[in-house]
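The values are calculated or read from the model by the stated rules, or taken from the named source; none is laboratory data. Treat the numbers as computed from the prediction; the structure is a model and nothing was measured. Virtual Cβ from ideal backbone geometry, glycine too; neighbours counted across all protein chains shown.
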Amino acid sequence: MKKLSKELIGASSIPILLSILSEEPSYGYEIVQRVKEVSDGVIEYGDGTLYPVLHKLEKKGLIESYWEVAENGRKRKYYKISSKGKQTLTSEKENWIIMNNIIAKLWNVNPRLT
Amino acid sequence: MERQSSFNLEEKISNWKQNMLAIAGLSEDNIMELESHLYDEIEILKDKDLDDEEAYIIACKRIGRIDVIATEYRKVDPHRLTIQKMFPYVHGILIFFAFTLFTEMLVYVSTIITTQFFSLTDNIVWVAGTIMLLSIEGLVWLVYHRYTSGKELTDRLIKIPFLVFIVILSSIGIRASMYYLVSFVSPSAHGGMVLGIAIYKISLMLLLIISSLILYKKSKEKVKISYAN
């Protein structure tokens, strides 16, 4: 299976993670699985290395975290998108649509995001 | 089945957490989060009919190498690890100051008591020496107690607010005692006492540095062994 470059995965991590968290609050393991599922395995975050990325987003105020006791009785740290994160996601969407349109025009390919 | 019974999952996860703390220097919150992830991964793998040991090995592999995780965390918060690594040293220095200042205060207070109430003016150096020896004996007893009867008592004694309180209290006690002592103790006896305290502090500092280095070396070896396992 074709894997994307590290740079592209890094650049797309903010819109991907914010999009997932805009659906509903989630925790590390679930986020990793969701990314794997939605990308058909093309993007696979290193389990342990996802957390520093989440912490970076939290530091920027794009997401918020809180601990909750899960159904199995263990504590889990959940992340949810903040209002600043929602604004960033809107702007990220615009950026990626612009980028997609440029590439689609140059290569004359479909589908386009708009 | 035999392999399953000898494998203790909780113990292995506890070792893994210790390594995370020692090698990666992560905060308790970060380790708890990674531990929760490890359990989630193990649970899913066990649902696929893997035993504890197999699930643990695969989950550890998926979560990634400790040094790689540490590098990623350091990118987000580069100063945290330095502060965390510095903390035990600063704490150790605070313990040293609290202990020696408290002993010094006891020496002066004992001297005042023996000279004022028992008129033992000629023996104040002996009194000071006895108090210092007793303090070392107390220290040895605390270390022995920590390793034989648990960390509860010593953990309470080395809490930072308590240590700061002892440092402040002892400093005030020393100043007040010195002010009172100079009025009736001869300069030579006072000088002898100050010299004795200085020798005591230097000896204790050397003893603590040597024992800390030995314990540090041993703990590094322990981490290496558990990391290899």
Can you tell me which residue is surrounded by the most Cβ atoms within 10 Å (Cβ to Cβ) among those in region B:21-54 that are in a helix (DSSP H, G or I) and touching a residue at least 40 places away in the same chain (Cβ under 8 Å)?
B:24
For region A:31-42 the number of residues that are on the phi < 0 side of the Ramachandran plot and surrounded by fewer than 17 Cβ atoms within 10 Å (Cβ to Cβ) is 6
Among helices (runs of 4 or more DSSP H) entirely within region B:57-155, at least 3 residues that are touching a residue at least 24 places away in the same chain (Cβ under 8 Å) and within 14 Å of chain A (Cβ to nearest Cβ) occur in B:66-76
What are the residues in region B:20-46 that are hydrophobic (A, V, I, L, M, F, W, C) and farther than 30 Å from residue B:79 by Cβ, if any?
B:42, B:44, B:45
Are there helices (runs of 4 or more DSSP H) fully within region A:1-61 with at least 2 residues that are modelled with pLDDT under 90 and within 14 Å of another protein chain (Cβ to nearest Cβ)? List them.
A:6-23, A:47-59
May I ask you to list the residues in region A:69-86 that are surrounded by 12 or more Cβ atoms within 10 Å (Cβ to Cβ) and not basic (Lys, Arg)?
A:70, A:78, A:79, A:81, A:82, A:85
Among (1) in contact with a Leu (Cβ under 7 Å, 6 or more places away or on another chain); (2) buried (at least 17 other Cβ atoms within 10 Å of the Cβ), there is one condition residue A:27 misses while meeting the rest; what is its number?
(1)
I'm checking my understanding of the structure. Among residues of region B:29-43 that are of a type outside the set (D, E, K, R) and within 8 Å of another protein chain (Cβ to nearest Cβ), which one is farthest from residue A:65 (Cα to Cα)?
B:39
